[in-house]
Amino acid sequence: MQAKKLIPKIAIVAVVIVFAIVCACTGSITSPVGTLWSLFPPVIAIGLALLTKEVYSSLFIGVLAGALLATGFKPIHTVGTLVNDGLIGAVSGTAGIFVFLVILGVIVALLNKAGGSAAFGRWASTHVKTKVGASLATFAFGVLIFIDDYFNCLTVGAVMRPVTDKSKISRAKLAYLIDATAAPICMIAPISSWAAAVASNVPDGKGIEYFCRAIPYNFYSLLTFVFIISLTLMKFDYGPMKHHEMNALNGDLFTSGTKVEGGDEEPATSKGKVIDLVLPIVILIGICVYSLFYVGRCMGAEWVFNPADYDKSLGFIDAFSNTDATVGLPWGGIVALIVIVIYFVARRLVTFKEAMECIPKGFIAMVPAILILTLATSLKGMTGLLDSDTFVNEALASAGALHNFLPAIIFIVACLIAFATGTSWGTFGILIPIVLSIFEVGSPLGIIGMSACLAGAVCGDHCSPISDTTIMSSAGAQCDHLNHVSTQLPYAITVAGVSFVSYIIAGFVTDWYISLPIACVLMIATLFVIKKITAKKA
């Protein structure tokens, strides 16, 4: 048994060592900018996190390694880069998301204090009576919130935790269901912050058009939904998730790690009703959607609320293409929080003092997510300083001869970049201009290549322990972060493998109505094979 437990750790160490050797052979460590060395900091951070099961120090060591490489191992310059370009840059760049995280933490504490979550749990226990029903309900709710992945992760977690807990679904499985619907649904929704980000990387105003044409070829996102539904209906799990689910049946929802503190608040009253959870969530969604729309019409102004800068000529889709989630979500969240507090106080479910006590409790619940997000964003900053874009551009340009296989190659490259950097937006920001330069713009193979880029970015982001979406899925489910990463990785890799094969097929059969059904059949067939293999082992 001890030998079996050591095998994954030895493999991780071997991968890091091999990567370092390859880096040394392909680029000078004294001049790492634009070489394979630019990806070394995230590789060592991820390797250490999986090896030590301790994410904070692993991320910090990765950031430190990036700062050392970027400054040529000069101690004083390294400290300056680490603090200014790393930590301070990360906090200033994502301050809006931090504010939104805290607001959502406060709203969750309020929902629990007012008895809305408990009432919804009681209602769900009479209407959702099986694990299958609870899993599908969580999946459906995640699909409905397609505006933004950050918003999706925390809202779905807050609403569905009571339901999945009563159905004895482990927190690791809940975190997977949240993560597997957050980014994938945003990546195929034309009205979302992700669609806007993609559109901004496509020239000539064709962004939304190309995005919509790429949806049927986004195999990873679509097959993830097929995977979840099929796995749920087939009633089996595999890999580390199986262990977590077996423990959940015996009452242990966490298996290992610690529960996030501050998220569950004892109700102040028993008068809470289901509407006291549903209405605040509807208020939050409605105000946040409007705020994103409003900010999209005002972007470019020094002060976003200046009526003179409000451009009424921009339509709904154009406004979303122009919006900034780090601005729109925080102020939408603040307005929603004020309305929700007034509603609960007016309903006499909580006193004003009890509502204010939820503010520090909500902040405490989000501290781990904020800390990990800060370090992960710092690590992305280091890869930016090392100019990983240039290395990727040159590597893809050398693969131009394999024309029909390029979608599959692009998918793998996007997976690796997003996994190493923890950002899907940064990944397709790097790759979309390259893809558009390789293929004829607007051609069927060009659309498939662009879709492969988007799908790979989502896949790598989904797998990466330093991804902000992965981090917030753990926070939304109140699940130990490394438990979430280790349990979802086999599932994500399974879908990625089928997606890779599907892109090889699509490179030769460019009609989506042929390649997409084939991909779905391959996904379901793969699950049947896995179920048969795991049943024999059991």
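Can you sort Lys173, Lys532, Lys312 by solvent-accessible area, 1.4 Å probe, largest first?
Result of the area sort, largest leading: Lys312, Lys532, Lys173.
To the nearest 0.05, what FRET efficiency results for Ile275 and Ile364 with a Förster distance of 35 Å applied to their C-beta separation?
0.80
How much length is gained on full extension from Tyr56 to Lys74, taking 0.36 nm per residue of separation minus their Cα-Cα distance?
4.1 nm
Between Asp252 and Arg347, what is the spin-label point distance in nm, taking each point 7 Å from the Cα along the Cα→C-beta axis?
3.7
Just the number please: accessible area per residue for the stretch 48-187, 1.4 Å probe, all protein chains included, in Å².
On a per-residue basis, the stretch 48-187 sits at 32 Å².
Probe radius 1.4 Å, ligands and nucleic acids left out: which of Tyr210, Tyr56 has the largest accessible area, and how do the rest follow?
Tyr56, Tyr210
For Arg122, Arg347, Arg161, Arg297, write out the residues from largest to smallest accessible area, computed with a 1.4 angstrom probe and no ligands counted.
These residues rank, largest area first, as Arg122, Arg347, Arg297, Arg161.
What FRET efficiency comes out for the pair Asp511/His403, r = Cβ-Cβ distance, R0 = 25 Å, nearest 0.05?
In this case the efficiency is close to 0.90.
Ranked highest first by average number of other Cβ atoms within 10 Å, how do 507-516, 235-244 line up?
235-244, 507-516
I'd like to check one number: the per residue accessible area of the stretch 421-520, probe 1.4 Å, reported in Å² as a whole number.
Accessible surface, normalised per residue, equals 24 Å².
Between Val91 and Thr126, what is 0.36 nm times their sequence separation minus the Cα-Cα distance? Round to one decimal in nm.
Once the chain is fully extended between Val91 and Thr126, it gains 8.2 nm.
Grab the Cα-Cα distance for Lys312 and Ile518, subtract it from 0.36 nm times how many residues apart they are, and report the gain in nm with one decimal.
69.7 nm
The values are calculated or read from the model by the stated rules, or taken from the named source; none is laboratory data. Keep in mind the model is a prediction, meaning the values are calculated, not measured. For neighbour counting, all protein chains shown are included, and Cβ atoms are generated from backbone atoms with ideal geometry for every residue, glycine included. Surface accessibility is based on the protein's heavy atoms, side chains included, excluding ligands, DNA and RNA. Shrake-Rupley method; radii C 1.70, N 1.55, O 1.52, S 1.80 Å.
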